[in-house]
Amino acid sequence: MTARLLIVHHTVSPHCAEMLDAVVDGATDPLIEGVEVVRRAALAATAEDFLAADGYLLGTPANLGYISGALKHAFDTVYYPILDDTRGRPYGLYLHANEGGEGARRAVESITGGLGWVQAAEFLTVSGKPDKAELEACRELGGTLAAQLMD
């Protein structure tokens, strides 16, 4: 049986795109077997996407100290339809935050706490252009979440 990692992201800048590419690169490492990686833009993610996944990786810029409106919209749309069926599933988060990401982190923790999801890796926050070490941390985050779903 193949496990599914759903990456829900709002990628609006070149810096966010670099982070997403690195996360996907880590999640699709050839050493990780039996895990399908599905990417969905936050505005396109559906309840069915969340229900079909075994784990989640969320990516967003921190806009004015909060998650992107697109990621918030995704959660507003799917929250009740997925509430009872996704409890206990692992998730991770990467943020691009030029002014700090504390408010965005709190928002994600509040939403995922209500859903009963389990934080499966340290959250990752990057400011400015991601450097080589930060992109490697993104790869590790993607790989960590995917590897946790392996049989």
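FYI, it's all coordinate maths here, none of it is from the lab. Fair warning: this is a prediction, and the values are worked out from it, not measured in the lab. Every residue, glycine among them, receives a Cβ derived from its backbone with ideal geometry; neighbour counts consider all protein chains shown.
So that you can scan it fast, the table gives a plain yes or no per residue for (1) surrounded by 23 or more Cβ atoms within 10 Å (Cβ to Cβ); (2) within 25 Å of residue 125 (Cβ to Cβ); (3) polar (S, T, N, Q); (4) more than 13 Å from the chain's Cα centre (by Cα):
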residue	(1), (2), (3), (4)
13	no, yes, yes, yes
16	no, yes, no, no
19	yes, yes, no, no
29	no, yes, no, yes
32	no, yes, no, yes
45	yes, yes, no, no
52	no, no, no, yes
58	yes, yes, no, no
73	no, yes, no, yes
Worksheet item: Quick one: would you say residue 77 is over 17 Å from residue 16 (Cβ atoms), among the β-branched types (Val, Ile, Thr), more than 15 Å from the chain's Cα centre (by Cα) and crowded, with 16+ Cβ neighbours inside 10 Å?
Response: yes
Worksheet item: Conditions: (1) of a type outside the set (Lys, Arg); (2) under 22 Å from residue 128 (Cβ atoms); (3) exposed (fewer than 15 other Cβ atoms within 10 Å of the Cβ). Residue 84 meets all but one. Number of the miss?
Response: (2)
Discussion item. List the residue pairs whose Cβ atoms are under 6 Å apart, where the first residue sits in segment 24-42 and is of a type in the set (Val, Ile, Thr), the second is surrounded by 15 or more Cβ atoms within 10 Å (Cβ to Cβ) and part of a helix (DSSP H, G or I), and the two are 6 or more positions apart or on different chains.
Written reply: 32/146; 32/147; 35/146; 37/27
Worksheet item: Can you find a residue in segment 104-113 that is acidic (Asp, Glu) and in contact with a strand residue (DSSP E or B) (Cβ under 7 Å, 6 or more places away or on another chain)?
Response: no
Worksheet item: touching a strand residue (DSSP E or B) at 6+ places or on another chain (Cβ under 6 Å), β-branched (Val, Ile, Thr) and farther than 15 Å from residue 55 by Cα - does that describe any residue in segment 119-136?
Response: yes
Worksheet item: If you take the residues of segment 87-107 that are without any contact (Cβ under 8 Å) to a residue 40 or more places away in the chain and small (Gly, Ala, Ser), which of them is surrounded by the most Cβ atoms within 10 Å (Cβ to Cβ)?
Response: 101
Response to the item:
Matching residues in segment 118-151 (surrounded by 21 or more Cβ atoms within 10 Å (Cβ to Cβ) and closer than 25 Å to residue 81 by Cα) number 3
